[in-house]
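Structure first, commentary second.
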Amino acid sequence: MTLPTCLLVGLCFCSILAVISANSEFCAAGQQKNEGNCGKETEDKTSFSSAIASRYLLYDVNPPEGFNLRRDVYMRLAIFVRSMKKEGNWKLVLPPWGQMYHWQSSNVGEQTKLPWRMFFDVPSLQNFAPVIEMEEFLATVSKGKATIEEVYVLQHYKDMWDEGREWKDRWDIERCADSIPYTKVGKVYKGPFWTYDNVTAQKVACLSFQGHASLLKEFLKTNKAKSVMIDHAEVALHDSYGDRTYWEARRSMRFAQSLVEIANTFRKDHLHSSDEEDGIQRPNDWRKETQRNIAGGGPYLAVHLRRKDFLWGRSKEVPDLRFAAKQLEEQMEKLQLKTIFVASDAPKPEFAELKTHLSKYKVLRFEPTPTIKFKIKDGGVAIVDQIICSHAKYFIGTYESTFSFRIQEEREIMGFQRNMTFNRLCGRQEGTPCAQPTQWPIVF
């Protein structure tokens, strides 16, 4: 290429760059820079748009649902958003934790708007799906106010349980079957919004929904909103419970390192247990995990003894303290163990009574100092309980408890033998033996 030609090409290239630069902030043809929203050097924060067209999916769950069911709902949506990569730059906004039924401590400060990083390793979650904390989403908002463009409250179809009705995936925007907690004030809607006073919505509608989370893809293709919230997200089902993708999502849910360290210290000081001694090896990155078979575990039996609402909600399957102690004693004799770790919502008098029935053994629970409890809150205490239970030689849970389910999953990931994991206490009305939990083998 001759020198004049090179200069000509170079000048053309620079001209193209100048045109791109002048219009890089989405200026319309003939529109002057800084006219309207044109030519701003930062994204238009009130509409959540950006040069890479980020779109945000927010969600919430039926208020009475507990911490561990909410973890399951997260997995459904994380798997869904991960599958949406080809449909746009969707990001799943992690709803802050707060106002759980079981979080009743009065000496731990406020338990609302708690970020996920308090309980989980968020970078680990991000290795599976594009997720962000709520505060990161709110940081895109100017003037301290966030307006979600569209909110859809999922509800079941009225004819869902009609006899002879064929089950099929379907969705329709319909009249709200029940009252909803959103009220129009002026041009916007106010609602719970995770207790944020500065969050509102432009549009709220009810969406009758029957199907798996992937059905949301079909629905989201029908709108162009940059921010969409799905309320009552638990209505959307798992696409494939127990498959490889499910287990990848579950494995990515590593606990916050601060909670792991608290649990490990308790194991070492009170249970003579450590990963090295117990034969437990896990890579720091869940993506490097492989199938394992652990024959060890800490030298203790762990039991999740659910009380409170389960005593009347599942009275047939939940044992009284004496019958629970009888079953634990029988298992302790088989295993030749001397220590029992108890994870329970039982009040102190009930725990003291349980110990009297198991006087031959060392029976203990995790009771943090006031300082630690204030720092990690009730949710952190529950996770420490789960970590300790997941490392025991033998685990026995409570009938249909999602708390027990999560421990069983954790043990399955670590590679414990299934007969040492998938067990539950029997109710006195059932007697022993009783039907044990379904085993869900991990898939790599």
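Under a Cβ-only charge scheme (Lys and Arg +1, Asp and Glu -1), can you give me the dipole magnitude of the stretch 234-338 about the Cα centre, in debye to the nearest 20? Could the numbers behind the result be given before it?
On the way: 19 positive and 18 negative charges, 39 e Å.
So the magnitude is around 180 debye.
Hey, got the dipole for the stretch 257-420? About the Cα centre, +1 on K and R Cβ, -1 on D and E Cβ, debye to the nearest 20?
180 debye
For the stretch 125-284, what is the charge dipole size about the Cα centre, in debye to the nearest 20, if Lys and Arg each add +1 at the Cβ and Asp and Glu each add -1 at the Cβ? Could you put the intermediate results ahead of the total?
On the way: 22 positive and 26 negative charges, 167 e Å.
For the stretch 125-284, the charge dipole is close to 800 debye.
Can you list the GluC sites (Glu not before Pro) in the stretch 47-155 that are in a DSSP coil and have 15 or fewer other beta carbons within 10 angstrom?
Of the GluC sites (Glu not before Pro), the ones in loops of the stretch 47-155 whose Cβ has at most 15 other Cβ atoms within 10 Å are Glu110.
Sort His272, His357 so the one with the fewest other Cβ atoms within 10 Å of its own Cβ comes first. Spell out each step's value before the answer.
Numbers: His272 13, His357 16.
Going from least to most buried by this count: His272, His357.
Arranged by the count of other C-beta atoms within 10 angstrom, fewest first, what order do Met75, Met414 take? Walk me through the numbers before you get to the answer.
Numbers: Met75 23, Met414 20.
Fewest to most other Cβ atoms nearby, the residues stand as Met414, Met75.
Where does the stretch 81-136 land on the Kirkwood hydrodynamic radius, alpha-carbon pairs, in angstrom?
After inverting the mean inverse Cα-Cα distance, the result is 12.9 Å.
Report P(r) for the stretch 164-310: all Cα-Cα distances, bin width 10 Å, range 0 to the bin holding the largest distance, values in whole percent.
8, 22, 24, 22, 18, 7, 0
Which helices pass in the chain if a helix is a full DSSP H run, must span at least 24 angstrom along its long axis by Cα, and must have mean Kyte-Doolittle hydropathy not below 1.6?
For the chain, where a helix must reach 24 Å along its axis and average at least 1.6, the hits are 3-23.
Please give the length that would be gained between Lys190 and Glu218 if that part of the chain were fully extended, namely 0.36 nm times their separation in residues minus their C-alpha to C-alpha distance (nm, one decimal). Please list the in-between numbers first.
Numbers: separation 28, 0.36 × 28 = 10.08 nm, distance 2.73 nm.
Working it through step by step, the gained length comes to 7.4 nm.
Which order do peptides 422-431, 346-355, 312-321 fall in by mean Cβ count within 10 Å, highest first?
With the highest mean Cβ count within 10 Å placed first, the list reads 422-431, 312-321, 346-355.
Note the direction-averaged projected area, equal to a quarter of the hull surface, for the Cα convex hull of the stretch 257-420, in nm².
One quarter of the hull surface, i.e. the mean projection, equals 9.8 nm².
Taken together, the values in this text are just the output of simple stated rules run on the coordinates, not laboratory data. None of these values were measured; they are calculated from a predicted model. Cβ: placed from backbone, ideal geometry, glycine included. Neighbour counts: every protein chain shown.
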